[in-house]
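Note sheet for the following structure.
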Amino acid sequence: MMLYQEIIFLKHYFKGKFCVENVVPFYEPLITAAKRGRHLYWTNFNLPNVLSERKSNFMEGKDEVTKWQEFHKIDLSSYKGEQRKDKIARNLVDYVAGKTIFDTMRGITEQTKNNQISMFK
């Protein structure tokens, strides 16, 4: 329920742009979200239909962490924490999708600051 508390709080009290992401659950979400791939996004701006062209459907196996590290361009070899490396690697959001979301948000923010009248909104 903490996820929904955060979304409700942002929708009603936050004055800026926001985006909350979660993997599609096995149950129907309580608050309608935009579905992109295997993720749900709650935003107060419109997302593009495609966030990333990259595919990340790796099956579990002994090379899974290596494949995820290559996909996300990260190195977990020096990680000494308690979380399993495969769980960390699987839970990362594709950086291309993140950049697309950020650029979309920035474009909307910059457009609202522009005093010039636009024909296309």
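Rule-based calculations on the coordinates, nothing more; no lab input. Here the structure is a predicted model, which is why all the values come from computation and not from measurement. Virtual Cβ from ideal backbone geometry, glycine too; neighbours counted across all protein chains shown.
May I ask you to give the average projected area over all directions of the convex hull of the Cα atoms of the chain, in nm² rounded to one decimal?
Across all orientations, the chain yields a mean hull projection of 10.3 nm².
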(message) A 27 angstrom limit on the alpha carbon distance is what I want to check against. Which of 11/80; 35/55; 17/67; 35/62; 11/87 exceed it?
(response) 11/80; 17/67; 35/62; 11/87
(request) Diagonalise the Cα gyration tensor of region 1-54 and give the resulting equivalent ellipsoid semi-axes, square root of 5 times each eigenvalue, largest first, whole Å. (result) 19, 15, 8
(message) Is there a quick way to get the dipole size of the chain? I mean about its Cα centre, with the Cβ of Lys and Arg at +1 and of Asp and Glu at -1; what is the value in debye to the nearest 20?
(response) 260 debye
(request) Using a 10 Å cut-off on Cβ atoms, rank the peptides 96-103, 75-82, 14-21 from the highest mean neighbour count down. (result) 96-103, 14-21, 75-82
(request) Calculate for the chain the 222 nm mean residue ellipticity that helices alone would give, adding -39,500 (n - 2.57) per DSSP H run of length 4 or more and normalising by residue count, nearest 500 deg cm²/dmol. (result) -12000 deg cm²/dmol
